[in-house]
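One structure is given here, and the rest of the page talks about it.
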Amino acid sequence: MADIQKPDAAKIPCDGKELQTAPMLELREVWFRYEKDAPDVVKGLSVSIHEGELFALVGGNGTGKTTSLSLMSGLLKPYRGEVLLGGRPLENINGEERFHGLLGVLPQNPQALFVKKTVELDLYEMLRERKLSKEEKDARVAQVVQLCELEPLLGMHPYDLSGGEQQRAALAKVLLLRPRVLLLDEPTKGLDGYFKEKLAAILKSLQAAGTTIVMVSHDIEFCAKYADRCAMFFDGSITSCAAPRAFFCGKSFYTTAANRMARTTLPNAVLAEDIILALGGSLPQKPAKTPDFQYTLPERRAEDQPVEKRKLSWKRITAGTVCLALFLITACLFYDRFADWREYLAEFFLVLELGLGFVAFFPGKELAAADASVQPPKEKRRLSRRTLVALTMILVAIPLTIFIGIYYLGDRKYYFISLLILLETMLPFALVFESRKPQARELIVIAVLCAIAVAGRAAFFMLPQFKPVVALVILAGVCFGGETGFLVGAVTGFVSNFFFGQGTWTPWQMFAFGIIGFLAGVLFRKGLLRKTRGALCIYGGVAAIFIYGGIMNPASVLMWQANPNGAMFLSAYLMGLPFDLIHAAATVFFLWFLSGPMIEKLDRIKVKYGLIER
């Protein structure tokens with residue numbers, strides 16, 4: 001057995017010399033409480049932090065560390081004492097100067113810093129009010145992106161990141177401002193060992209540039225290894241303050257694991273590296289300091305580009321002008337001239353012409369996320385086998401089931417017929433999982449869409465035909481495919497009629513809602529329906545009048561007339577047209593206001609949980 005070398009305490013490095021630079025941040029007899037009659041949280045806190053120093057505050061939970069950090073940033077004001085920043089009272093420094101190059105704050109919850117839809121947009125938002133050229137902003141963002149290793153995360157929503165990734169993204173936002181004083185609350189929370197080392201290198205490079213860093217942390221090893229001074233916070237004030245080695249040596253509880261293990265033999269050993277050196281070992285060489293970062297951001301995605309006003313083409317101008325001219329002609333020649341069904345027809349054309357005119361002059365932007373929900377290229381727009389199966393079910397099996405229910409079951413087994421329609425609807429949807437097991441998250445998303453549609457129909461029960469069901473079914477079909485659109489529509493019609501009690505109408509409503517959602521998914525897949533507010537609203541309005549109305553109005557004849565004829569069908573359709581117009585207006589209304597946020601959320605879910613078909 002090799003001889004074990006006797007520990008040599010002389011090989012343990014000593015603490016560095018205390019900085020002699022001028023104080024950058026001072027607290028003088030600071031007292032603070034959250035409410036007038038509440039107990040004091042910070043009690044007579046006095047501390048002086050030098051320029052270029054890394055100062056670590058450690059201590060138990062609830063002792064006032066985070067509150068003290070808020071006092072240093074000016075987010076909270078002491079009722080006694082003063083806070084000096086660069087020798088100036090903090091209260092005399094306005095917020096714009098304070099948080100634009102003087103102070104940078106990384107809160108304990110990094111989500112408090114995120115305000116945009118992607119990490120990249122969040123980074124650029126930090127420089128929005130800075131007077132910098134586009135090239136300078138790109139250079140700054142590129143530097144922190146590489147520094148914090150955010151390249152693969154730029155297109156993701158900040159809330160979809162893991163805890164450690166959020167911490168890195170938040171740190172990048174703070175570093176963009178290049179603050180002179182950096183306040184960090186639990187900066188190592190959620191970070192792996194590799195990025196802790198990277199964070200330490202970042203902090204040391206900031207120190208070398210003269211940045212003052214105040215850090216609140218429970219990571220004792222990190223503080224012992226990298227801080228210039230450590231302070232113990234207890235009962236609202238600092239009870240001890242010293243360089244790391246002097247601070248942690250000899251403490252029985254609040255010290256490092258290495259000191260606990262070696263204190264009887266090496267009382268000055270604080271880090272594992274100290275023990276290795278004392279036993280004659282050697283430490284791995286640290287890599288050379290990385291030079292100035294040279295990095296070019298990947299090409300920005302379409303939705304991440306600054307919003308530009310779309311120029312109107314001559315085709316749009318011509319179409320809009322023609323529609324508005326037709327609106328004026330119809331209003332002058334036909335409005336309020338009739339007392340029968342022709343008046344409703346005139347009103348319908350007035351609404352249609354006015355709507356088309358506005359859509360032509362005010363084109364909407366794409367609502368799709370570029371990486372998740374764009375329409376497939378032309379060569380991949382062929383309908384899948386299960387879509388063709390669903391089409392067969394919708395056009396043949398389901399109408400045949402309704403026909404059998406009316407003419408062979410006396411239209412009295414409507415819930416039995418409804419259940420058969422549900423089973424026929426679920427068959428093509430089940431083909432999605434012919435090669436894999438269904439994931440609970442997929443089924444939950446669809447169930448939630450059904451629940452929202454049912455709740456929406458129930459919430460507007462007092463307004464005849466003014467319901468959001470068709471709008472939600474269209475969004476389900478566009479985002480998740482025609483089969484899902486039909487399933488959401490059919491289930492919504494089935495479940496909601498438990499509350500509305502519309503009995504024999506249930507199979508027809510299931511069929512009408514379902515086919516609207518199915519066609520929305522198919523048209524989007526084929527590239528005929530764009531994911532814009534205007535396109536969705538036009539499809540929703542037309543579908544409510546011609547598909548839903550075209551099914552439900554003649555259904556009343558089939559259910560109540562023994563010998564139906566063409567005149568009965570036409571009469572039923574015209575009598576139901578006013579309600580169909582209300583239904584169409586409601587669908588357009590809900591699509592206009594719901595399509596943007598709903599599609600954004602559904603696309604995020606598809607990306608986050610991998611629900612995109614490949």
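Here, each number is a calculation from the coordinates, and none is a lab measurement. This structure is a prediction, so every number in the text was calculated from the model and none was measured. Backbone-built Cβ (ideal geometry, glycine too); neighbour counts: all protein chains shown.
For the residue pairs 116/606; 137/315; 117/225, the C-alpha atoms sit more than 29 angstrom apart in 137/315; 117/225.
Amide H contacts of residue 50: 24, each under 5 Å away and 5 or more positions distant or on a separate chain (H built 1.01 Å from N in the peptide plane; Pro and chain starts excluded). Please report the base-10 log of the normalised intensity I(q)/I(0) for segment 538-614, using a Debye sum with one equal scatterer per alpha carbon and no solvent, at each q in 0.11 (1/Å). Here the Debye-derived log intensity ratios amount to -0.46.
In this simple spin-label approximation, residue 334 and residue 108 carry label points 7 Å from Cα along the Cα→Cβ vector, and these lie 6.8 nm apart. Dipole check for segment 109-197: with +1 at the C-beta of Lys and Arg, -1 at the C-beta of Asp and Glu, and the Cα centre as origin, the magnitude is about 440 Debye. Across all Cα atoms of segment 315-363, the radius of gyration (one decimal) and Dmax (whole number) stand at 11.6, 37 Å. Each of 107, 94, 60 was scored by the projection of its Cα onto the charge dipole of segment 1-119, and the greatest displacement toward the positive side belongs to 107; charges sit on the C-beta of Lys, Arg, Asp and Glu. Here segment 46-73 is scanned for amide nitrogen atoms under 19 Å from the site 7 Å beyond the Cα of residue 38 along Cα-to-Cβ, giving 60-73. Temperature 37 °C, viscosity 0.692 mPa s: under these conditions the Stokes-Einstein estimate for segment 90-156, based on its Kirkwood radius over C-alpha pairs, is 244 µm² per second. Based on alpha-carbon atoms, the Kirkwood radius and the radius of gyration of segment 30-143 give Rg/Rh equal to 1.02. Highest mean first, the peptides 319-326, 42-49 sorted by other C-beta atoms within 10 Å per residue fall in the order 42-49, 319-326. The phi-based Karplus calculation (6.51 cos²θ - 1.76 cosθ + 1.60; θ = phi - 60°) puts the 3J(HN,Hα) values of segment 495-512 at 6, 5, 6, 4, 8, 8, x, 8, x, 5, 6, 4, x, 5, 5, 4, 5, 5 Hz, whole numbers, x for Gly and Pro. At full extension, residue 253 and residue 342 could sit 23.2 nm farther apart than now, given 0.36 nm per residue minus the alpha carbon distance. Whole-Hz Karplus values for segment 41-56 come out as 9, 10, 10, x, 6, 10, 7, 10, 10, 7, 5, x, 9, 9, 10, 10 Hz, taken residue by residue from phi with 6.51 cos²θ - 1.76 cosθ + 1.60 and θ = phi - 60°; glycine and proline positions read x. Ordering 339, 355, 321 by the projection of their Cα atoms onto the charge dipole of segment 315-363, which places +1 on the Cβ of Lys and Arg and -1 on the Cβ of Asp and Glu, puts 321 at the extreme positive end.
The Cβ shell under 10 Å around residue 608 holds other residues with a net charge of +1, Lys and Arg each +1, Asp and Glu each -1.
Computed 3J(HN,Hα) for segment 119-128, one whole-Hz value per residue from the Karplus formula 6.51 cos²θ - 1.76 cosθ + 1.60 where θ = phi - 60°, is 4, 5, 4, 5, 5, 5, 4, 5, 9, 4, glycine and proline marked x. Kirkwood radius, segment 173-285, all distinct C-alpha pairs, inverse of mean reciprocal distance: 15.5 Å.
Charged neighbours of residue 102, selected by a Cβ distance under 11 Å, balance to +2 (K, R count +1; D, E count -1).
Over the C-alpha trace of segment 452-538, radius of gyration and Dmax come out as 12.8, 38 angstrom.
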